[in-house]
Amino acid sequence: MTDPHLKPFLSRGGTLLLYHGWNDQLVAPLNSVNYYNRIVSTVGAQTASASVRLFMMPGMDHCAGGEGPNTFDRMRVIEDWVEKGQVTTKARSHQGIEFFVFSWFRGCIWKFANANRPRYAF
């Protein structure tokens, strides 16, 4: 997906959840950041902030795997956002790691349940 012209999709009430791992070695993580920024430039910041979210996952490889919280309940994030109007900022990965996720423009912070493991903040 490279076309940032999402106005027809967004004008019909569409919402878009994007996520990308910072440790992705197949697709450069900044490609997703650049795509998100092009969406904001195309549809406007207000429309983008209401309808598009980009979650950059610290330590996640390509789609899953890696040292960080790399799997989480994406459907719950979408359901809470679309059906309840709640943007999820805290989740528990399937590995038991609690982390806080914000959309790209707010940054990303998470912590390990096991304090002996390294912590990353982006």
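The values are calculated or read from the model by the stated rules, or taken from the named source; none is laboratory data. Treat the numbers as computed from the prediction; the structure is a model and nothing was measured. Note that each Cβ is placed from the backbone with ideal geometry, even for glycine, and that neighbours are counted across all protein chains shown.
A few comments on the model shown:
- Check on Gly68, surrounded by 17 or more Cβ atoms within 10 Å (Cβ to Cβ) and in a loop (DSSP other than H, G, I, E, B): yes
- Of all positions in segment 44-55, none carries a residue that is over 25 Å from Pro4 (Cβ atoms), part of a loop (DSSP other than H, G, I, E, B) and without any contact (Cβ under 8 Å) to a residue 60 or more places away in the chain.
- The requirement of being in contact with a Gly (Cβ under 6 Å, 6 or more places away or on another chain) and buried (at least 18 other Cβ atoms within 10 Å of the Cβ) is fulfilled nowhere in segment 33-53; no residue meets it.
- Selection within segment 71-95: residues that are in a loop (DSSP other than H, G, I, E, B) and modelled with pLDDT of 75 or more. The member of this set that is nearest to Tyr19 (Cα to Cα) is Asp73.
- Among residues of segment 76-102 that are closer than 16 Å to Val52 by Cα, those with a beta-carbon under 6 Å from a residue that is modelled with pLDDT of 80 or more and exposed (fewer than 14 other Cβ atoms within 10 Å of the Cβ) at least six positions away or on a different chain give the pairs Asp80/Gln86; Val82/Thr15.
- When Leu26, Leu18 are checked against the criterion of being within 22 Å of Gln86 (Cα to Cα) and in contact (Cβ under 8 Å) with a residue 24 or more places away in the chain, a single residue qualifies: Leu18.
- One residue stands out among those in segment 5-29 that are closer than 17 Å to Gly66 by Cβ and outside any loop (DSSP other than H, G, I, E, B): the one that is farthest from the chain's Cα centre (by Cα), which is Pro29.
- Pro58 surrounded by 19 or more Cβ atoms within 10 Å (Cβ to Cβ) and farther than 19 Å from Met75 by Cβ: yes
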